[in-house]
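Undergrad: Mind having a look at this structure? Questions to follow.
Coordinate-derived values only; no laboratory data. A quick note: this is a predicted structure, and the numbers were derived from the prediction, not measured. For neighbour counting, all protein chains shown are included, and Cβ atoms are generated from backbone atoms with ideal geometry for every residue, glycine included.
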Amino acid sequence: MNKVTDKGEFSFSTCWNIKKHRDGRAMIEEIKGLGFGSVELNYNVTREHLETIEPMIDSGGIRISSVHHAFPFVDDKEYDTDSVMLGFEDEEKRRRAVDLLKQSIEYADRYGAEAVVVHPGEVPFPVNIDSQLKQIYREQGRDSQEYRELWQEMTERREKLAPSYLNRIRHSLEEISE
């Protein structure tokens with residue numbers, strides 16, 4: 001029988017076991033069973049999970065080290081970790097992304113977390129270039145002509161468009177910091 005040792009100040013993310021738990025308490029208890037007294041609540045934690053996690057937080061049964069934006073879970077692909085997020089050109093979408101980050105910060109503060117993990121945004125592509133690159137890599141390798149050409153196309157697009165996205169992200173973060 002393995003003895004579980006206290007992991008001290010180390011924290012463990014719910015990303016590890018969230019897909020196998022519908023109940024937040026069971027998810028946290030599994031992590032506690034590994035010796036962790038502190039967790040990161042990742043962006044897939046739902047309000048339903050929180051119904052059974054929050055009493056654990058309130059009673060001191062678990063500490064929250066960080067929350068992972070957007071928190072709690074938002075069932076909208078436009079606001080997931082692989083989105084434009086704080087860099088949206090559309091002002092209404094950018095405002096919603098800012099509000100979602102503010103919400104994440106409010107939860108982190110309420111739970112006594114020391115950090116909020118933020119994915120501020122990305123330069124969008126009309127197709128999933130990441131999956132295309134991975135497929136070419138697996139089938140032909142990164143030294144193949146096709147891989148190098150697509151990599152170059154991705155790099156050029158990102159370098160061309162990044163400044164405008166970064167400016168909007170910077171503006172959003174400054175706004176949130178106020």
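Undergrad: Could you let me know the centre-to-centre spacing of the stretch 1-61 and the stretch 138-178, using Cα atoms, in angstrom?
TA: If you average the Cα positions of each part, the centres end up 34 Å apart.
Undergrad: According to a simple spin-label model (label point 7 Å from Cα along Cα-to-Cβ), what is the distance in nm between Leu34 and Thr155?
TA: 3.7 nm
Undergrad: Assuming 0.36 nm per residue, please report the length gained on full extension of the stretch Glu89 to Ala26 beyond their Cα-Cα distance.
TA: Here the segment from Glu89 to Ala26 would lengthen by 18.6 nm.
Undergrad: Taking only the Cα atoms of the chain, how large is their convex hull per residue, in Å³?
TA: 162 Å³
Undergrad: With a point put 7 Å past each Cα toward its Cβ, work out how far Glu51 is from Lys102 in nm, to one decimal.
TA: Computed distance between label sites Glu51 and Lys102 equals 2.8 nm.
Undergrad: Starting from the Cα of Asp6, step 7 Å toward the Cβ, then list every residue of the stretch 51-74 with an amide N under 18 Å from that point.
TA: 60-65
Undergrad: When the chain is treated as a GNM, springs tying every alpha-carbon pair under 10 Å, which of Glu139, Glu29, Glu51 comes out with the largest mean-square fluctuation?
TA: Looking only at Glu139, Glu29, Glu51, the biggest GNM fluctuation is shown by Glu139.
Undergrad: Kirkwood hydrodynamic radius, the stretch 1-71, all distinct C-alpha pairs: what's the number in Å?
TA: With all distinct Cα pairs of the stretch 1-71 included, I get 12.1 Å.
Undergrad: Further question: Grab the other residues whose beta carbon is less than 15 angstrom from that of Gln132, score K and R as +1, D and E as -1, and report the net.
TA: Charge balance in the 15 Å sphere: 0.
Undergrad: Still on this model: How are the alpha carbon pair distances in the stretch 91-178 distributed across 5 Å bins from zero to the largest one, expressed in percent?
TA: Spelled out bin by bin, the stretch 91-178 gives 3, 12, 17, 16, 13, 12, 11, 10, 6, 2, 0 percent.
Undergrad: What residues have an amide H closer than 5 Å to that of Val117, excluding those fewer than 5 places away on the same chain, when H is modeled at 1.01 Å from N in the peptide plane?
TA: Val67, His68, His69
Undergrad: Are there trypsin sites (Lys or Arg not before Pro) in the stretch 107-178 that DSSP marks as loop and that have at most 11 other Cβ atoms within 10 Å, and which are they?
TA: The qualifying sites are Arg142.
Undergrad: Taking square-rooted eigenvalues a ≥ b ≥ c of the alpha carbon gyration tensor, is the stretch 32-125 rounded, prolate or oblate, where a/c under 1.5 means rounded and, failing that, a/b exceeding b/c means prolate?
TA: Because a/c hits 1.5 or more and a/b exceeds b/c, the stretch 32-125 counts as prolate.
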